Number of protein chains: 2
Amino acid sequence: MAVTISRENVFFAFGSQLKAAARIEQGEEILLQTHDCFEGQIQTTSDLVDALDWGHVNPATGPLYITGTRPGDILRIDILEIQIGQQSSMVTIPGEGALGDVITQMETAILKLDGNQLVFKDKVRITTHPMIGVIGVAPAAGEVPTGTPGAHGGNMDCTLIAAGNRVYFTVGVEGAMFGAGDLHAAMGDGEIVVCGAETPGAVRFRADVVELPGLPTPFVETKDLVATIFSAPTIDEAAQGAIHNMADFLTRFADIGLNDAGMLMSLVGQLKFCQVVDPLKTVRFEFPKAVLAEYDFRIV
Amino acid sequence: MAVTISRENVFFAFGSQLKAAARIEQGEEILLQTHDCFEGQIQTTSDLVDALDWGHVNPATGPLYITGTRPGDILRIDILEIQIGQQSSMVTIPGEGALGDVITQMETAILKLDGNQLVFKDKVRITTHPMIGVIGVAPAAGEVPTGTPGAHGGNMDCTLIAAGNRVYFTVGVEGAMFGAGDLHAAMGDGEIVVCGAETPGAVRFRADVVELPGLPTPFVETKDLVATIFSAPTIDEAAQGAIHNMADFLTRFADIGLNDAGMLMSLVGQLKFCQVVDPLKTVRFEFPKAVLAEYDFRIV
């Protein structure tokens, strides 16, 4: 039976100064309830973004003090399950997002859940693939708004951050001060209009410190691949960061020579977009575990 | 029986001033033989890039004058088959590519073909997915080196440009002056060290003018999706171009309202990297045909 953390425990910046909502133990199952990215302010197609209280956008649930975590530790989050709500919302916001220069009309769409599909305007049925938009730990210094991604995690909007996968962070402060929110029932890479199918829900997870000192984080592991994630002011810089972090991982952890690492990254690695619409842009680099196995490396 | 165009017909810039290697008819099957991107200069691991004659890098085969094509026409290339060689090569070049700042040793790797797999250093087996690196038409004015991508096509290094798929170009000059080359037996999105598995080979294709005036090109169609492709000095600009071209396509061709187009692009569209290492960077935006069908649109 998982320990439940209620979605009333909202916070709006990852930082060391916040009071923990709760203390949790490593290895214990936690059910973290989350608001949608609008903290429930959008329920019908009449709820337009001009009526939003922007002080209540992008809430994360937490922060959680994880016992026995210290700065520099690598924290592994095993995402066991993502529960989503019976409806999701999407909005258009003139001036915002990758089409903000041409979109002139505010609009809200409500997508009802029907089995494992979302229904868009009674026309298009989309199979859900629930993911976590905001997830991270407090940075070593300062505060980062929950709407911004960075080295600490945050609003990365990475479609790999889904049930069955693992996310790794570098602990910045004692207790880690972990939190998550901003679930999407579905989203495409890029997040063109600054939202996926925004939904309230809950994340069932376990947190553990693992012996991977110096792992370039944020880092994701799925059944088939590992991925570095990097956020920066431009996509060009984010791509450079994700690529260099993967080369660093392959050479230092998997003990693959730099030339082999580079050629294999060119051959079977995939540079991918997470999002291009937040205050920093986020890119990931994916590399197949099957190739790591040929070099006798397994992450755990 | 396809008309064969020999790989001796090399050219190094897409431009209107070139003499056509041959005239071909719309609808006829053509087998275009191609050199690898080094014009065969690299055959063994002893052939390093410092001995390359760079005047013979990135050859395309052609150009082909396609009868009945005029400026502004939309030219559809049906890629029927891609044949690859018995070995492919990869190189590392200090100072070049996305890891050029850390790679210090020149190296050449030769990957033998074994069935439908490439063998990298007797260690890693990679299933081939042959694709065309360089493909395009002459621009309306001026010349573009075959190593550079652009609105005319060229060195886009897009993994979707593969057998069974279609590529669309806007004809720039009478006769189109089409050409292709730079086949890869396999490549990951990003093309980190500026090469995939570089191979000689041949492309069997058909060219036809189609009635899609104003289509934002280059444009790709596969069994399941359509994609816009855009190249620009920075990835940020290339992403903006690919996104806006897709919004333009969805609104003008598929008659989807701009807000619906934007929300669906955010929900089920995928912004993807082609390459980040050529003189211009190339990004594509993929959108599922199944959603177009719900709006009663089919491209042909």
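The values are calculated or read from the model by the stated rules, or taken from the named source; none is laboratory data. These figures come from a predicted structure and were not determined experimentally. Here the Cβ positions follow ideal geometry from the backbone for every residue, glycine too, while neighbour counts run over all protein chains shown. Note: areas computed on protein heavy atoms with side chains; ligands, DNA, RNA excluded. Shrake-Rupley method; radii C 1.70, N 1.55, O 1.52, S 1.80 Å.
Quick notes on this structure:
- So A:ALA151, is it within 27 Å of A:GLY40 (Cα to Cα) and either away from chain B (no Cβ under 14 Å) or more than 11 Å from the chain's Cα centre (by Cα) (or both): no
- Check on A:PHE273, in contact (Cβ under 8 Å) with a residue 60 or more places away in the chain and either more than 8 Å from chain B (Cβ to nearest Cβ) or surrounded by 21 or more Cβ atoms within 10 Å (Cβ to Cβ) (or both): yes
- Selected residue [under 18 Å from A:ARG7 (Cβ atoms) and at pLDDT below 95] from A:GLY55, A:GLY40: A:GLY55
- Yes/no for B:VAL194 being touching a residue at least 40 places away in the same chain (Cβ under 8 Å) and within 11 Å of B:PHE169 (Cα to Cα): no
- Residues (among the hydrophobic types (A, V, I, L, M, F, W, C) and not in a helix (DSSP H, G or I)) located in the range A:277-298: A:VAL277, A:LEU280, A:VAL283, A:PHE285, A:PHE287, A:PHE297
- Residue check for B:VAL124: free of Cβ contacts under 8 Å to residues at least 40 places away in the same chain and of a type in the set (Val, Ile, Thr): yes
- Checking A:GLN86, A:GLN117 one by one, the residue that is out of contact with any Asp or Glu (no Cβ under 9 Å at 6 or more places or on another chain), more than 23 Å from B:TYR295 (Cβ to Cβ) and free of Cβ contacts under 8 Å to residues at least 40 places away in the same chain is A:GLN86 and no other.
- Tallying residues that are part of a strand (DSSP E or B) and either touching a Phe, Trp or Tyr at 6+ places or on another chain (Cβ under 9 Å) or away from every other protein chain (no Cβ under 12 Å) (or both) within the range B:179-203 yields 11.
- Taken together, the criteria place B:ASP73 among residues that are more than 11 Å from chain A (Cβ to nearest Cβ) and farther than 17 Å from B:PRO130 by Cβ.
The rows are residues; the columns are (1) at the interface with chain A (Cβ under 10 Å from one of its Cβ atoms); (2) open to solvent by less than 20 Å² (accessible area, probe 1.4 Å); (3) at pLDDT 95 or above.
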site: B:GLN83; (1), (2), (3): no, no, yes
site: B:VAL91; (1), (2), (3): yes, yes, yes
site: B:GLY95; (1), (2), (3): no, no, yes
site: B:LEU99; (1), (2), (3): yes, yes, yes
site: B:LYS112; (1), (2), (3): no, no, yes
site: B:ASN116; (1), (2), (3): no, no, yes
site: B:THR127; (1), (2), (3): yes, no, yes
site: B:PRO130; (1), (2), (3): no, no, yes
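- Residues satisfying the stated conditions in the range A:12-44, i.e. open to solvent by 50 Å² or more (accessible area, probe 1.4 Å) and aliphatic (A, V, I, L, M): A:LEU18
- Qualifying residue in the range B:204-212 (condition: in contact with a strand residue (DSSP E or B) (Cβ under 8 Å, 6 or more places away or on another chain), farther than 25 Å from A:GLY95 by Cα, within 13 Å of another protein chain (Cβ to nearest Cβ) and surrounded by 20 or more Cβ atoms within 10 Å (Cβ to Cβ)): no
- Hits in the range A:234-275 - residues which are closer than 17 Å to A:TYR168 by Cβ and aromatic (Phe, Trp, Tyr): A:PHE249, A:PHE253
- Qualifying positions in the range A:230-268 - farther than 26 Å from A:GLY196 by Cα and assigned to a loop (DSSP other than H, G, I, E, B): A:PHE253, A:ALA254, A:ASP255, A:ILE256, A:GLY257
- Yes/no for A:VAL124 being within 11 Å of the chain's Cα centre (by Cα) and at negative phi: no
- Taking each residue of the range A:240-267 that is within 11 Å of chain B (Cβ to nearest Cβ) and without any contact (Cβ under 8 Å) to a residue 24 or more places away in the chain and looking for partners that are among the acidic types (Asp, Glu) and open to solvent by less than 10 Å² (accessible area, probe 1.4 Å) with beta-carbon atoms closer than 7 Å, six or more apart or interchain, yields A:SER266/B:GLU191.
- One residue alone among B:GLY190, B:GLY172, B:GLY201 is at pLDDT 95 or above, within 22 Å of B:GLN83 (Cβ to Cβ) and either surrounded by 24 or more Cβ atoms within 10 Å (Cβ to Cβ) or small (Gly, Ala, Ser) (or both), and that residue is B:GLY201.
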